[in-house]
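For reference, the structure is listed below as structure tokens.
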Amino acid sequence: MQAFDLYAILPELVLLVVTCLLLLISVYIRENHAITPGIEQDIFHTPRAVGFVYFFTMILLVYLIFSYITRIPDISLVAMNGLFQSDPFSNLLKACSCIAVLVSLIYSKQYLKDRALFRPDFIVLALLALLGQMVLISGANLLTLYLGLELMALPTYALVAMRHSSEKSVEAAIKYFILGALASGFLLYGMSMLYGVTGSLDLIEIFKVVADPRVNHLVMAFGLVFIVAGLAFKLGVVPFHMWVPDVYQGAPTAVTLLIAAAPKIAAFALLFRLLVNTLLPLMGDWQPMLVILAMLSLIVGNVTAIAQINLKRMLAYSAIAQMGFVLLGMLSIFDDIAFSASMFYAITYVLTTLGTFGLLMILSRKGYDCETLDGLKGLNKIHPWYAFIGLIMMFSLAGIPPTVGFAAKLGVLEALVDAEHTFLAVIAVFASLIGAFYYLRVVKVMYFDEPEHEITVSGSSFTKSILGLNGLLVLIIGIVPASLMTVCLDAMRRTLLGS
């Protein structure tokens, strides 16, 4: 390994080493006095240990965020013998993923404490999933992409099942694991067919071979079908969406947030790496597939969400529809503006998702989870500030100005029209109108219904401040979206040009 390679993977290396050290050290941290005989036997249930792990995790994530942000202006480079690539695209997305995990852990702290889930192994699993996302986002080889994908997925299976006393959580974990293994098999089989045709696992070499008109197009088309199916599962789009509602509802809300936020950024990166960076010459084959997936997701996701009373299940179907918009941004003709609009949409969706689930967690308390519409009734009469944050989040998800969701949807629709997909843009607008119904229903419940029970707010002042900042960012970026859009466009343009 050369110094050049070490520099390229340094943040990931630090994340791996520190995560392993935190896990090992936490085992040896004991309480000054015994709490209860039952809890004392559990090496991962010591408040001193989890406090230590949580503190150093916050420091680690802040370091990673600044490390990736400072690397965004760097030129693109490929390291580790072509296995790993660092470019503006990957550094921007990795910074966003680290921010998402950092905020998720801040929101989750009190929620996990109330449910005896605030444990070192929970935090370590979250960090290992983040490491998988980092590897996935920077993958320059099919094996690296697959390794990152599995490293991201396996810890999340364990996180979903961590509340082992809940039948719903165990059932959700089993469904997630089985369908995740099936989707990984699809993706791996498609990659093996690509390797069989091209004779290489390197993304750049595969691109060169695929661009050759003499290559066997039929075998590549079959491989492409399996690859798109695997990608569709990871994004949670129709008809590969079966796991999303059950996992969102069955998992603890803190785990749901870890699944709903940062992994969406990594899934978008995987979509871009495989379809744009590698299989762009096959655009005529994969774009029609994305059209079908996007349209089905927009329609099925928004229509089905109307019937949901459980908020987490409603947000799951909302996520399915939102990922349909991300796919629409990939339907241009090698247009960096369209791809950057899709990236902007993915990042801002994660920002809104953080605020939405953060609100649900601070409105939960020991013995009670705020998961239904009834739990938000009359919120404005008791906690008007949090009702306002909820209103901002719902407006953003619906794409109502002046929130960031409107700017994100507008950017994708403009890219569609520029690519002469006007009909798809019209369908997307009508699907968004359907979606506005159930988002505004949440606002109506918060502002116009009478509270049915006492609504308490949990969490520290710092957590509440972060939630308030989250809500204001959704509003401010929606009013002045140019800065983030410019960063996305510049990162995408420099990555596509290889500079």
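Let's see how each residue does on (1) closer than 14 Å to LEU351 by Cβ; (2) open to solvent by 30 Å² or more (accessible area, probe 1.4 Å):
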site	(1), (2)
GLY459	no, no
PHE462	no, yes
SER465	no, yes
SER483	yes, yes
CYS488	yes, no
LEU496	no, yes
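Only one of TYR7, TYR28, TYR54 is open to solvent by less than 50 Å² (accessible area, probe 1.4 Å) and either closer than 15 Å to PHE118 by Cβ or at pLDDT below 90 (or both); which? Steps first, answer last, please.
On the way: TYR7 fails: open to solvent by less than 50 Å² (accessible area, probe 1.4 Å); TYR28 fails: open to solvent by less than 50 Å² (accessible area, probe 1.4 Å).
Testing whether each residue is open to solvent by less than 50 Å² (accessible area, probe 1.4 Å) and either closer than 15 Å to PHE118 by Cβ or at pLDDT below 90 (or both) leaves just TYR54.
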Query raised in the report: Restricting to the stretch 111-132, what's the tally of residues that are open to solvent by 30 Å² or more (accessible area, probe 1.4 Å), in a helix (DSSP H, G or I) and within 18 Å of LEU363 (Cβ to Cβ)?
Result: 2
Query raised in the report: Which of the following residues is open to solvent by 10 Å² or more (accessible area, probe 1.4 Å) and part of a helix (DSSP H, G or I): THR304, THR348?
Result: THR304
Query raised in the report: Residue check: is VAL219 among the aliphatic types (A, V, I, L, M), surrounded by fewer than 22 Cβ atoms within 10 Å (Cβ to Cβ) and not in a helix (DSSP H, G or I)?
Result: no
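Of the residues SER108, SER90, which single one is under 30 Å from SER461 (Cβ atoms), hydroxyl-bearing (Ser, Thr, Tyr) and in a helix (DSSP H, G or I)? Let's see the steps before the verdict.
Values: SER90 fails: under 30 Å from SER461 (Cβ atoms).
After ruling out the rest, the residue left standing is SER108.
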Query - Hits in the stretch 391-430 (condition: buried (at least 17 other Cβ atoms within 10 Å of the Cβ) and hydroxyl-bearing (Ser, Thr, Tyr)) - result: SER396, THR403
Report task. Being assigned to a loop (DSSP other than H, G, I, E, B) and open to solvent by 10 Å² or more (accessible area, probe 1.4 Å) is the filter here, so list the residues in the stretch 239-253 that pass it. Result -> PRO239, PHE240, HIS241, MET242
Requested in this report: Please give the number of the condition MET162 fails out of (1) open to solvent by 10 Å² or more (accessible area, probe 1.4 Å); (2) in contact (Cβ under 8 Å) with a residue 40 or more places away in the chain; (3) assigned to a helix (DSSP H, G or I); (4) over 24 Å from ASN81 (Cβ atoms).
Outcome: (3)
Query raised in the report: Could you give every pair whose Cβ atoms fall below 9 Å, whose first residue belongs to the stretch 228-246 and is within 20 Å of LEU311 (Cβ to Cβ) and touching a residue at least 12 places away in the same chain (Cβ under 8 Å), and whose second residue is open to solvent by 10 Å² or more (accessible area, probe 1.4 Å) and not in a helix (DSSP H, G or I), counting only separations of at least 6 or pairs across chains?
Result: PRO245/GLN308; PRO245/ASN310
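Give the residue, chosen from LEU258, LEU149, LEU179, LEU188, that is among the hydrophobic types (A, V, I, L, M, F, W, C), open to solvent by less than 10 Å² (accessible area, probe 1.4 Å) and touching a helix residue (DSSP H, G or I) at 6+ places or on another chain (Cβ under 7 Å).
From the options LEU258, LEU149, LEU179, LEU188, the qualifying one is LEU149.
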Query raised in the report: Got a sec? Which helices (runs of 4 or more DSSP H) wholly within the stretch 383-459 have at least 2 residues that are at pLDDT below 90?
Result: 404-418, 422-448
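Every residue, every condition in (1) in contact with a Ser or Thr (Cβ under 7 Å, 6 or more places away or on another chain); (2) of a type in the set (D, E, K, R); (3) more than 29 Å from ILE99 (Cα to Cα), yes or no:
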{"residue": "VAL276", "(1), (2), (3)": "no, no, no"}
{"residue": "MET283", "(1), (2), (3)": "no, no, yes"}
{"residue": "ILE292", "(1), (2), (3)": "no, no, yes"}
{"residue": "ALA316", "(1), (2), (3)": "no, no, no"}
{"residue": "GLY324", "(1), (2), (3)": "yes, no, no"}
{"residue": "LEU328", "(1), (2), (3)": "no, no, no"}
{"residue": "TYR349", "(1), (2), (3)": "no, no, no"}
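Report yes if some residue within the stretch 271-283 is among the polar types (S, T, N, Q) and open to solvent by 10 Å² or more (accessible area, probe 1.4 Å); otherwise report no. Spell out the reasoning first.
Going residue by residue through the stretch 271-283, those that are among the polar types (S, T, N, Q) are 277-278.
Retained after the next criterion (residues that are open to solvent by 10 Å² or more (accessible area, probe 1.4 Å)): 277.
Yes, that holds for at least one residue.
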Query raised in the report: Of (1) modelled with pLDDT under 90; (2) over 23 Å from the mean Cα position of the chain (by Cα); (3) assigned to a helix (DSSP H, G or I), SER192 satisfies all except one. Which?
Result: (1)
Report task. Kindly indicate whether any position in the stretch 165-173 is of a type outside the set (Gly, Ala, Ser), assigned to a helix (DSSP H, G or I), buried (at least 20 other Cβ atoms within 10 Å of the Cβ) and out of contact with any Phe, Trp or Tyr (no Cβ under 7 Å at 6 or more places or on another chain). Result -> no
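Could you run through the stretch 467-481 and say how many residues are part of a loop (DSSP other than H, G, I, E, B) and open to solvent by less than 60 Å² (accessible area, probe 1.4 Å)?
Taking the stretch 467-481 as the starting set, the residues that turn out to be part of a loop (DSSP other than H, G, I, E, B) are 480-481.
From what is left, the residues that are open to solvent by less than 60 Å² (accessible area, probe 1.4 Å) are 481.
Going through the stretch 467-481 one residue at a time, the tally reaches 1.
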Report summary line: When every residue in the stretch 293-348 that is hydroxyl-bearing (Ser, Thr, Tyr) and closer than 15 Å to MET492 by Cα is compared, the one modelled with the highest pLDDT is TYR345
Report task. Identify the residue in the stretch 307-333 that is among the β-branched types (Val, Ile, Thr) and farther than 18 Å from ILE427 by Cα and, among all such residues, is least open to solvent (accessible area, probe 1.4 Å). Result -> ILE309
Report task. Taking the options GLY139, GLY51, GLY132, name whichever one is touching a strand residue (DSSP E or B) at 6+ places or on another chain (Cβ under 8 Å) and either of a type outside the set (S, T, N, Q) or closer than 20 Å to LEU21 by Cβ (or both). Result -> GLY139
Report summary line: With criteria (1) on the phi < 0 side of the Ramachandran plot; (2) out of contact with any Leu (no Cβ under 6 Å at 6 or more places or on another chain); (3) open to solvent by 40 Å² or more (accessible area, probe 1.4 Å), GLY199 comes up short on (1)
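The values are calculated or read from the model by the stated rules, or taken from the named source; none is laboratory data. Just so it is clear, the model here is predicted, and its values are computed rather than measured. As a convention, Cβ positions derive from the backbone with ideal geometry for all residues, glycine included, and neighbour counts pool all protein chains shown. Ligands, DNA and RNA are stripped out before the accessible areas are found, and what is left, the full protein with its side chains, is counted by its heavy atoms. Shrake-Rupley method; radii C 1.70, N 1.55, O 1.52, S 1.80 Å.
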